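Data first, discussion second: the structure below is written as structure tokens.
The values are calculated or read from the model by the stated rules, or taken from the named source; none is laboratory data. The structure presented is a predicted model; accordingly, all values stated were derived computationally and were not measured. Using ideal geometry, Cβ is built from the backbone for each residue, glycine included, and neighbour counts are taken over all protein chains shown. Accessible surface is based on the protein model in full, side chains and every heavy atom, while ligands, DNA and RNA are left aside. Shrake-Rupley method; radii C 1.70, N 1.55, O 1.52, S 1.80 Å.
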Amino acid sequence: MVAIFETRFHLSLRTPLRIFVRKLFEINMIYRSKAPLRIGFAGGGTDVSPYSDLYGGAVLNATVSLYARAAIEPIAEPKITLQAWDQQILCEYDLAEELPADGRLELLKAVYNHFSKNYGIKQGFRLYTSVDAPPGSGLGSSSTLAVALTGAFAAWLDLPLGSYEIAHLAYRIERQEMGMAGGKQDQYAATFGGFNYMEFFRDDKVIVNPLRIDEAYINELESRLLLFYTSQSRLSASIIEEQQRNVKSNNRSSIEAMHVIKQQAAEMKEAMLTGRIDRIGHLLHEGFVYKKKMAEGISNSWIDEIYEAAMEAGAEGGKVLGAGGGGFMMFFCPDARRGQIMQALSKFNGRIQNYQFVRDGLKQWKI
């Protein structure tokens, strides 16, 4: 009835009343979004400024069936409720243009503050989020959540944002407005989805090149790759900040390692497109060796012990995902050795993570 009333009297109602009627209708709506987490195969770290500004970066990544989710439920009361189900944190505030920084759910508040400041949110709501991987996992969980949040607010406010705009906005909120150190690949991977070869340049220019990889090659990758969660999360910011300092101070060893890793992204792309799956293990191993030269903290004695145990059990290569220091690791396993590798990893009190590669990126809908 509300929708019919608004349509019938649209021409005669003044703007404030039309908005009031629309808000009454919205109270019965929920605006949802989900975005996939990603695995980084090669080039990780070259998407971080100032390296990408000076030399240009390149990354190959793919999204998997683990998600960040967000839901916005408008309410009549002038209240804001933020609830992260996976972290079991709930915060409540009076409706305000800007929510305070108090150390709780800062990313949720930063996204709200951006949209409130730029688009004027004058209605109370409940915001629910969840992520299928813990913070510091190395799968881009924080940036993927930023994308899901951006998508949910864009859906609620009916903003016609394209994929590049959503990814860049999530990057801007997280990296520039919040000041969180990190690169650009995670936001674009979560927004676009699938296998992508991404290029990064100065002035925040990003080019996403979707890869049309044969379905059989993707299935073979799923069969060969093993995801292992070390059960140790880490703060990536300190590792990334050291990497940035190494570039600024012209640390040749670190910069040369980044050059090699960037070139590996192109080699990995060619191997996947042409079905040379047997090369993946070697490329992963070589990449891990060079990645450890980019900054201290990317690996440690615990990660090295896990890696060596997997390799001794028959893995052909692997790497730590994300900035390093903990979180998820990935290993390339021959079929005949997969069981032995899993057995070798079982003594480290982590867990094997089941997954599938997914082609779709950010999804938004309302109910």
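Overview of values
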| quantity | calculated |
| --- | --- |
| Shape box of segment 208-367 [Cα atoms, principal axes, largest first, Å] | 45, 42, 39 |
| Residue-level accessible surface for D203, protein heavy atoms, 1.4 Å, Å² | 130 |
| Relative contact order (%) - criterion: Cα under 8 Å, at least six apart; region: segment 310-364 | 31 |
| Helix 252-273 axis, angle to the chain major axis (alpha carbon atoms, nearest 10°) | 80 |
| Cross-link pairs beyond the 19 Å C-alpha cut-off, checked among K34/K366; K34/K117; K269/K319; K262/K291; K34/K291 | K34/K117; K34/K291 |
| Computed Kirkwood radius, in angstrom, where 1/r is averaged over Cα pairs of segment 157-254 | 16.4 |
| Convex hull (Cα only) mean projected area of segment 110-169, reported in nm² to one decimal | 4.6 |
| Degrees separating the helix 106-119 axis from the principal Cα axis of the chain, which is the longest one | 50 |
| Sulfur and carbon atoms: percent of accessible area, segment 19-118 [1.4 Å] | 52 |
| Relative contact order (percent, whole number), segment 214-367, Cα cutoff 8 Å, 6+ residue spacing | 35 |
| Segment 220-292 - percent relative contact order, Cα under 8 Å, separation 6 or more | 31 |
| Percent breakdown of C-alpha pair distances by 20 Å bin, ordered from the shortest bin, for the chain | 29, 52, 17, 2 |
| Fraction of alpha-carbon pairs over 13 Å apart in segment 134-193 - percent | 57 |
| Between segment 242-301 and segment 164-216, the Cα center-to-center distance that results, in Å | 18 |
| Nearest 10 degrees, 0 to 90: helix 301-312 Cα axis against the chain principal axis | 60 |
| Loop-exposed trypsin sites (Lys or Arg not before Pro) per DSSP, neighbour cap 15 Cβ within 10 angstrom, longest uninterrupted part of the chain | 15-103 |
| Probe 1.4 Å, accessible area per residue of the chain, Å² | 45 |
| Global geometry of segment 224-316, whether rounded, prolate or oblate, following the gyration tensor of its Cα atoms and the 1.5 cut on a/c | oblate |
| Cα gyration tensor shape for segment 28-68, rounded if a/c is under 1.5, else prolate or oblate | oblate |
| Shape call, segment 22-174: gyration tensor on alpha carbons, a/c limit 1.5 | prolate |
| Largest-first principal axis extents, alpha carbons of segment 97-199, Å | 40, 31, 24 |
| Rg [Å, one decimal], Dmax [Å, integer] - segment 80-119, C-alpha atoms | 10.0, 30 |
| Within the accessible area of segment 129-222 (1.4 Å probe), percent carbon and sulfur | 46 |
